[in-house]
């Protein structure tokens, strides 16, 4: 068995915090997997999961400062069921 590097351990923890297999439809085992996902754009469901897990992110100011998106578009996307992934810049900030 190969020991996981500190960075890859962080990738795994972040993957779980974003909802894991329930929200991200691809395995993320390495830093390269994570980079590929960021470039393609994180699913909106992963961000919604993160916001639900960390209540402080539901604050409009905090979310806008952290990833440049306000809660209103998130709620609209959630309500309308729009599966559009986040942009590269927003995915990278998460």
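The values are calculated or read from the model by the stated rules, or taken from the named source; none is laboratory data. No experiment lies behind these values; they were computed from the predicted model shown. A quick note on method: Cβ atoms are made from the backbone with ideal geometry, for glycine too, and the neighbour counts reach across all protein chains shown.
Remarks
- Residue check for residue 39: surrounded by fewer than 13 Cβ atoms within 10 Å (Cβ to Cβ), within 21 Å of residue 21 (Cβ to Cβ) and modelled with pLDDT of 80 or more: yes
- Inside segment 42-60, residues that are over 15 Å from residue 13 (Cβ atoms), in contact (Cβ under 8 Å) with a residue 24 or more places away in the chain and either more than 9 Å from the chain's Cα centre (by Cα) or assigned to a helix (DSSP H, G or I) (or both) make up a count of 4.
- If the condition is being over 17 Å from residue 23 (Cβ atoms) and modelled with pLDDT of 75 or more, then segment 64-78 contributes 64, 65, 66, 68.
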